[in-house]
Amino acid sequence: MSRIRVRPDLLGVVLLTSAALTLAVPPPSAAAQQAPASASFTVEEQRLDGAVPREILRRSGFDEVAPDFVRALRGADSYAEAERAVARQGTRLWQRAVDRAQGRGPARGDLSRDDDRPLYWARLALTRELRQWQPEFRLSEAARTRLLGTLERSSRGQDSLTFPARKGGHDRGVKRIVVTGFDPFTLDSDIRISNPSGATALALDGTVIRTADGPARIETAVFPVRWQDFADGTVERALRGPLSEADLFTTVSQGRVGRIDVERFNGAWRGGFGDNENVSETGLVPVTDPASQPQWTTTSLPYQAIVAADTGRFPVYDNTSVTEIPAGATAPVVRPDGPTAGSAARAGGGGDYLSNEIAYRATLLRDRLGRDIPGGHVHTPVLQFGAGNTDPATGTVTDPEFVQNRLDIIEQLRTIIKVAAEAS
């Protein structure tokens with residue numbers, strides 16, 4: 001597998017097989033400004049100093065999250081106390097974003113409540129503070145890495161991706177649905193970008209939908225747009241327990257312009273487009289037990305019912321196209337009706353980026369767990385800014401059409417999930 005650093009100036013707006021598709025974070029804290037040379041910030045964290053991330057945080061009230069986090073760290077006198085503080089602050093950030101998206105509590109700013117970007121930029125503000133924190137007790141780099149992992153999982157809803165017990169309680173007979181989303185990405189093309197899949201996760205987490213068969217509870221989490229996290233098993237760690245209990249799941253990401261796709265086939269191939277750290281990966285999707293790794297996995301979502309239903313303004317398609325190297329051949333070809341026997345994957349219906357990979361990993365996990373449940377991937381439309389606000393060099397961070405597009409996508413995904421639950 002090849003792994004290269006991608007030049008930011010070469011990243012264009014690329015869809016699916018290459019990926020779909022800086023106005024007050026507070027400035028770095030005094031501690032950050034005095035951090036030792038070893039405390040280098042990631043590419044994502046470096047973007048925090050741009051005007052757009054600072055405006056998004058200020059206009060959502062999430063600019064106060066990092067100072068609160070720093071105060072919590074200062075109160076930790078041991079690694080155990082630090083771990084508790086980090087987990088508590090990460091969970092608080094996730095819940096604050098969920099509450100804001102679902103209309104609970106004050107908005108604390110004039111950005112629309114459905115906006116997923118405050119969570120993304122606030123999380124980076126916290127990881128940057130944690131990366132350069134110098135406590136009174138000895139903190140090894142391995143211990144700091146563990147704290148960063150705790151912060152990532154708790155602030156993405158992964159640690160709280162659980163369902164109430166069914167034994168004799170009020171949750172008896174309630175279907176269990178898992179939904180995942182993604183961070184914003186292609187930020188070097190337009191740092192203003194939002195990801196409707198992440199916004200959907202925030203809007204649906206912990207909610208109950210009413211179906212013809214009774215209530216269904218949705219639990220959600222958000223994943224990073226980073227190749228290495230996926231190679232390190234972040235998807236399997238977060239989803240193994242929930243998928244063992246779920247009645248239905250769908251991974252969600254941003255896809256093509258003006259349409260929604262239910263992706264029929266997922267391929268075991270990384271196509272090389274740069275992630276949020278501007279790192280490229282090309283090669284076979286790395287999984288445990290590679291000897292039993294299939295080239296393709298298949299959706300078990302009720303795609304016919306989803307496509308036939310009137311779910312919203314965007315047309316919905318059953319996408320069966322893949323790119324493969326046929327058995328005995330050396331060159332890739334596009335197959336509109338799915339893979340042929342013995343072929344090697346080069347792109348699933350959802351492409352060869354991390355949206356395809358989360359779909360592949362989740363459906364492979366379903367199969368390895370022996371779960372006969374509906375599950376697969378749905379691609380949302382690309383979230384577009386309004387007319388006259390498409391140039392990131394001159395545009396504003398939001399506009400009415402941008403907000404309405406995101407709201408419409410969220411509501412259509414909610415309806416699609418309801419249809420899937422009723423048809424299963």
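The values are calculated or read from the model by the stated rules, or taken from the named source; none is laboratory data. Note that this is a predicted model, so its numbers are computed, not measured. Quick reminder, even Gly has a Cβ in these numbers, built from the backbone with ideal geometry, and neighbours come from all protein chains shown. Surface accessibility is based on the protein's heavy atoms, side chains included, excluding ligands, DNA and RNA. Shrake-Rupley method; radii C 1.70, N 1.55, O 1.52, S 1.80 Å.
Checking the structure you have, find out if any residue of the range 345-355 is modelled with pLDDT of 95 or more and part of a helix (DSSP H, G or I). Quick ask: steps written out before the conclusion?
First, the residues of the range 345-355 that are modelled with pLDDT of 95 or more: 345-355.
Subsequent filtering for residues that are part of a helix (DSSP H, G or I) retains 354-355.
Among the residues of the range 345-355, at least one is modelled with pLDDT of 95 or more and part of a helix (DSSP H, G or I), which makes the answer yes.
Which one of these does Thr380 not meet: (1) surrounded by fewer than 24 Cβ atoms within 10 Å (Cβ to Cβ); (2) over 13 Å from Thr297 (Cβ atoms)?
Among (1) surrounded by fewer than 24 Cβ atoms within 10 Å (Cβ to Cβ); (2) over 13 Å from Thr297 (Cβ atoms), the lone unmet condition for Thr380 is (1).
Here is a yes/no grid of residues against (1) touching a helix residue (DSSP H, G or I) at 6+ places or on another chain (Cβ under 7 Å); (2) β-branched (Val, Ile, Thr):
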site: His379; (1), (2): yes, no
site: Asp391; (1), (2): no, no
site: Thr396; (1), (2): no, yes
site: Asp408; (1), (2): no, no
site: Ile416; (1), (2): yes, yes
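Within the range 274-288, restricting attention to residues that are touching a Phe, Trp or Tyr at 6+ places or on another chain (Cβ under 8 Å) and small (Gly, Ala, Ser), which residue is farthest from Gly348 (Cα to Cα)?
My answer is Ser280.
Of the residues Asp352, Asp367, Asp391, which is charged (D, E, K, R) and touching a Lys or Arg at 6+ places or on another chain (Cβ under 8 Å)? Walk me through it before giving the result.
Details: Asp367 fails: touching a Lys or Arg at 6+ places or on another chain (Cβ under 8 Å); Asp391 fails: touching a Lys or Arg at 6+ places or on another chain (Cβ under 8 Å).
Just a single option satisfies the conditions, and that option is Asp352.
Can you confirm whether Glu129 is open to solvent by 60 Å² or more (accessible area, probe 1.4 Å) and within 22 Å of Ser40 (Cβ to Cβ)?
Working: open to solvent by 60 Å² or more (accessible area, probe 1.4 Å): no; within 22 Å of Ser40 (Cβ to Cβ): yes.
Considered against the rule, which asks whether it is open to solvent by 60 Å² or more (accessible area, probe 1.4 Å) and within 22 Å of Ser40 (Cβ to Cβ), Glu129 comes out as no.
Among the residues of the range 279-294 satisfying the criterion of being under 20 Å from the mean Cα position of the chain (by Cα) and either at pLDDT below 95 or not in a loop (DSSP other than H, G, I, E, B) (or both), which is surrounded by the most Cβ atoms within 10 Å (Cβ to Cβ)? Full working, then the answer.
Residues of the range 279-294 under 20 Å from the mean Cα position of the chain (by Cα): 279-281, 285-287.
With the extra rule that they be either at pLDDT below 95 or not in a loop (DSSP other than H, G, I, E, B) (or both), the set shrinks to 279-281.
Numbers: Val279: 15, Ser280: 17, Glu281: 24.
Once the filter is applied, the top-ranked residue is Glu281.
Specify the residue that is most open to solvent (accessible area, probe 1.4 Å); the eligible residues are those in the range 185-241 that are under 17 Å from the mean Cα position of the chain (by Cα) and among the acidic types (Asp, Glu).
Asp232
Here is a yes/no grid of residues against (1) modelled with pLDDT of 95 or more; (2) of a type in the set (Gly, Ala, Ser); (3) closer than 25 Å to Arg92 by Cα:
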| position | (1), (2), (3) |
| --- | --- |
| Ser155 | yes, yes, yes |
| Leu161 | yes, no, yes |
| Val178 | yes, no, yes |
| Asp190 | yes, no, no |
| Ile209 | yes, no, yes |
| Asp229 | yes, no, yes |
| Val235 | yes, no, yes |
| Ser244 | yes, yes, no |
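Identify the single condition in (1) assigned to a strand (DSSP E or B); (2) open to solvent by less than 10 Å² (accessible area, probe 1.4 Å); (3) under 21 Å from Thr186 (Cα atoms) that Asn276 does not satisfy, given that it satisfies every other one.
Only one criterion in (1) assigned to a strand (DSSP E or B); (2) open to solvent by less than 10 Å² (accessible area, probe 1.4 Å); (3) under 21 Å from Thr186 (Cα atoms) is unmet by Asn276, namely (1).
Does Thr250 satisfy the criteria of being at pLDDT 95 or above, part of a helix (DSSP H, G or I), among the hydroxyl-bearing types (Ser, Thr, Tyr) and crowded, with 23+ Cβ neighbours inside 10 Å? Reasoning before the result, please.
Numbers: at pLDDT 95 or above: yes; part of a helix (DSSP H, G or I): no; among the hydroxyl-bearing types (Ser, Thr, Tyr): yes; crowded, with 23+ Cβ neighbours inside 10 Å: yes.
No.
Answer yes or no: is there a residue in the range 145-165 that is closer than 30 Å to Thr390 by Cβ and aliphatic (A, V, I, L, M).
no
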